[in-house]
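Data first, discussion second: the structure below is written as structure tokens.
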Amino acid sequence: MRGIFRSIILSTALVAAGSGTFLQSEAAADDAKPSINPKQILNVSHRGASGYAPEHTIPAYELGERMKGDYIEIDLQMTKDGELIAMHDETLDRTTNGTGLVKNYTLAEIKQLDAGSWFNEAYPEFAKPEYAGLQVPTLQEVIERFGRGERYYIETKSPEVYPGMEEKLLEILREYKLIGKNAASSKVLIQSFSPESLLKVHEMDPTIPLVQLLWYTGPAVISDAELEAVKKYAIGVGMNFNMIDQAYVQKVRQHGLLIHPYTVNEQADMRKLLDWGVTGMFTNYPDRLHQVIKEKKFK
């Protein structure tokens with residue numbers, strides 16, 4: 001994950017975001033789904049249960065669902081012919097046997113690639129023969145597999161590289177009736193490091209709940225003004241978990257925003273973050289987080 005936030009948020013968001021906010025009253029939150037209910041902890045399957053299966057493949061998403069993930073996270077890239085696919089990187093090299101930029105290949109060409117064998121080689125302890133030869137799924141294929149019964153945490157990756165990405169995304173979400181009448185009824189959360197991308201989505205449909213992603217290279221610091229700017233268009237923020245502390249979490253919460261750090265794989269870190277007051281987190285091991293959340297409920 002990457003992005004630049006602080007240099008543009010005050011100049012862009014304060015002017016363009018408008019005055020609407022999706023945060024619900026406490027009474028409404030009691031009845032809300034995990035997406036916007038601060039009293040429930042969100043367990044997000046990061047690229048699926050990607051600790052156990054090749055990231056952004058149907059088996060990884062299936063495992064995430066079975067391991068009690070509340071949301072499937074889907075990173076989006078866009079093909080040469082304008083199709084949205086599930087892939088983290090702008091290049092094919094790391095997670096397929098292809099090479100080069102996604103934007104230079106058609107969907108048909110990408111469908112010829114092997115998106116699973118790399119995982120068997122990198123993680124032999126979790127290798128399975130059926131992972132070899134897996135295809136890169138399109139966003140539509142993921143939704144068709146899991147339907148409206150699942151929830152989707154979708155990231156617009158490198159939207160500046162893919163003109164029209166947001167329009168295509170909303171077209172698909174509307175086609176499959178995943179956008180609700182309000183934030184509480186939405187089947188999706190949309191996240192991005194790009195405030196411009198989120199503001200574009202917000203302008204096209206202000207009912208969709210949004211999350212502003214942040215990246216820190218040192219101890220995280222965020223101002224009240226920045227948090228209020230985010231609050232004009234988003235319901236929460238997400239950031240690399242190892243750069244925040246309890247004071248940061250509490251400051252975000254005091255501004256009425258949700259906070260979903262990434263990518264938290266050790267149970268000790270999960271417990272610490274929950275103690276600090278986060279409202280959810282991304283993990284490659286949703287079964288581990290599910291266990292920690294269960295433990296917390298029984299205390």
Residues (in contact with a Leu (Cβ under 9 Å, 6 or more places away or on another chain) and aromatic (Phe, Trp, Tyr)) located in region 110-131: 119
Residue list for region 61-72, filter: in contact with a Leu (Cβ under 9 Å, 6 or more places away or on another chain) and crowded, with 24+ Cβ neighbours inside 10 Å: 69, 71
Helices (runs of 4 or more DSSP H) enclosed by region 55-157 - at least 2 residues per element that are β-branched (Val, Ile, Thr) and closer than 22 Å to residue 43 by Cβ: 139-146
Residue in region 218-232 that is within 19 Å of residue 75 (Cα to Cα) and either more than 17 Å from the chain's Cα centre (by Cα) or modelled with pLDDT of 95 or more (or both) present: no
Neighbours by Cβ (under 9 Å, 6+ apart or cross-chain): first from region 84-106, of a type in the set (A, V, I, L, M, F, W, C); second assigned to a loop (DSSP other than H, G, I, E, B) and loosely packed, with under 14 Cβ neighbours inside 10 Å: 92/99; 92/100
Candidate set from region 104-142 (those that are β-branched (Val, Ile, Thr) and under 12 Å from residue 60 (Cα atoms)); member that is surrounded by the most Cβ atoms within 10 Å (Cβ to Cβ): 136
Pairs where the first residue, in region 165-180, is touching a residue at least 60 places away in the same chain (Cβ under 8 Å) and surrounded by fewer than 16 Cβ atoms within 10 Å (Cβ to Cβ) and the second is of a type in the set (A, V, I, L, M, F, W, C) and in a loop (DSSP other than H, G, I, E, B), C-beta under 8 Å, 6+ apart: none
Unique match (being surrounded by 20 or more Cβ atoms within 10 Å (Cβ to Cβ), outside any helix (DSSP H, G or I) and either in contact with a Ser or Thr (Cβ under 7 Å, 6 or more places away or on another chain) or among the charged types (D, E, K, R) (or both)) among 278, 264: 264
Hits in region 181-202 (condition: of a type outside the set (S, T, N, Q), in contact with a strand residue (DSSP E or B) (Cβ under 6 Å, 6 or more places away or on another chain) and without any contact (Cβ under 8 Å) to a residue 60 or more places away in the chain): 188, 190, 198, 201
Qualifying residue in region 243-264 (condition: over 22 Å from residue 189 (Cβ atoms), without any contact (Cβ under 8 Å) to a residue 12 or more places away in the chain, in contact with a helix residue (DSSP H, G or I) (Cβ under 9 Å, 6 or more places away or on another chain) and not hydrophobic (A, V, I, L, M, F, W, C)): no
Residue that is surrounded by the fewest Cβ atoms within 10 Å (Cβ to Cβ), among those in region 50-60 that are in contact (Cβ under 8 Å) with a residue 24 or more places away in the chain and among the small types (Gly, Ala, Ser): 51
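The values are calculated or read from the model by the stated rules, or taken from the named source; none is laboratory data. All values derive from a computational prediction rather than experimental measurement. Ideal geometry is used to build each Cβ from the backbone, glycine not excepted, and the neighbour counts take in all protein chains shown.
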